1. Could you check the simple spin-label distance between Asn275 and Thr187, using points 7 Å along Cα→Cβ, in nm with one decimal?
2. Suppose every Lys and Arg Cβ carries +1 and every Asp and Glu Cβ carries -1, with no other charges. What dipole size does region 116-264 come out with about its Cα centre, to the nearest 20 debye?
3. Please work out the C-alpha center-to-center distance from region 94-169 to region 259-293 and express it in whole Å.
4. In µm²/s, what is D for region 102-170 at 4 °C and 1.567 mPa s, where D = kT/(6 pi eta Rh) by Stokes-Einstein and Rh is the Kirkwood radius from Cα pairs?
5. Given charges of +1 on the Cβ of Lys and Arg and -1 on the Cβ of Asp and Glu, with all other atoms neutral, how large is the dipole of the chain about its Cα centre, in debye to the nearest 20?
6. Only four residue types carry charge here, +1 at the Cβ of Lys and Arg and -1 at the Cβ of Asp and Glu. Report the dipole size of region 208-364 about the Cα centre in Debye, rounded to the nearest 20.
7. Any idea what the relative contact order of region 182-319 is, in percent, if you count C-alpha pairs under 8 Å spaced at least 6 apart?
8. Take region 214-279, drop everything but the C-alpha atoms, weight them equally and run the Debye formula without solvent; then report log10 I(q)/I(0) at 0.13 Å⁻¹ to two decimals.
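Just so you know, all these numbers are worked out from the coordinates, no wet-lab data involved. Bear in mind that the values here come from a model prediction, so they are computed numbers and not experimental data. Note: ideal-geometry Cβ built from the backbone for every residue, glycine included; neighbour counts use all protein chains shown.
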Amino acid sequence: MSPALAQKQKIAIIPGDGIGVDVTGEAVKVLELINARGRLELEFIQFDYGAEKYLSTGISLPKQQLEDFRDNYAAIFLGALGDPRIPDMAHARDILFGMRFGLDLFVNFRPVKLFDETLCPLKGKTPNDVNFVVFRENTEGLYVGIGGFFKKGTKDEIAIQESVNTYKGVERIIRYAFTYARQHGHTKVTMSDKNNALRFEGDLWHRVFQQVSEDYPEIEKEHMFVDALAMQLIKRPEQFQVIVTNNMFGDIITDIGAQLQGGLGMAASGNINPNGVCMFEPVHGSAPKYAGRNVANPFGAILTAGLMLEHLGFKKEALLIEQSVCMAVHEKKVTSDMGGSLGTKESGDAVCDFLQHLSGNTLR
Ligand SMILES: NC(=O)c1ccc[n+]([C@@H]2O[C@H](COP(=O)([O-])OP(=O)(O)OC[C@H]3O[C@@H](n4cnc5c(N)ncnc54)[C@H](O)[C@@H]3O)[C@@H](O)[C@H]2O)c1
């Protein structure tokens, strides 16, 4: 954490849309508990950016707000975005991509960790077999929005979507993945692309992967085509430690990863700029059909809150959150997507109970 960040203690909370609101409520409950018990002196400030605000005012995420986040906040927590009343996702793109691109959050960090073997859909796989991290490039590729239509709405229509890959962008995400591997005692980094078919971007990713790996001679470098990676994630997930890939492939393979750890409701993520304010969000979307029904699994959001605390330097507190979720999973204090009978709020309460118990003597 940079010295500048250390002085900032404000956390922006954007529940967003759909179940984003439900799960953020539970994540904030956990954060408030740990904040009070551990005297972390974090201040949580809620923002109502999302579909309702957009529909009633036309405002998605103002530029000044982004600057305010950048200059005055230690971190941002986002629930999820997406509403069927806005089918082109205009507000979600403005808010989510506004933060990812506008704050240059080039690392999308998505850990995949199985807490209990009953949650894994693969036969015979245990928590020892499913424990890896994915680094998804977060500011380039097919997501930059460059392209267009020609003869839209006719039978001659052409739609073009460009994939942008810069040396700087590829180098920094690959280097981040190798540095993480070194700092966390991992012995292998797997880079995944599709360079047999996508020759130009694949060539760049390959050359940069080779170059950067030379600075990390103790770490094995492995290349895997993304289709093979998808297969191997199902066949032998235990072979992976650190995966680095582009924006689109990372988006897709982390949904596979989420299933390996018990479903989308369990998956956490961080959008990171190592030199600035970072944004944390569960991997899942707004799942409109579950919104406001007290059924969404809040654990991905709660684990995301843990990632945020870890990033802010509160490692002990982050570990306590992970342990509390793990205990809730083992004790089956979970929502129906994980085979339990609790609601969103009740499973959040269960995590708080375990947290109170575990933190009895350990927090300041
Ligand atoms: N980062 C984001 O905010 C983000 C990410 C993905 C999708 N979306 C948006 O969310 C909306 C819905 O998209 P979708 O249905 O493709 O994806 P989704 O992640 O919202 O839901 C897919 C399915 O996964 C399950 N699921 C997801 N989260 C869950 C949870 N916490 N607890 C229990 N089950 C859970 C549900 O069965 C759900 O129907 C769309 O508008 C989409 O664009 C937003």
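1. 3.5 nm
2. Values: 17 positive and 21 negative charges, 38 e Å.
Result for region 116-264 is approximately 180 debye, rounded to the nearest 20.
3. Computed from Cα coordinates, the inter-centre distance equals 12 Å.
4. On the way: Rh = 15.7 Å.
This corresponds to a translational diffusion coefficient of 82 µm²/s.
5. On the way: 38 positive and 45 negative charges, 31 e Å.
Charge dipole, the chain, about its Cα centre: 140 debye, nearest 20.
6. Rounded to the nearest 20 debye, it is 540 debye.
7. Numbers: 158 pairs, mean separation 27.5, N = 138.
20 percent.
8. Log-scaled intensity ratios, in q order: -0.47.
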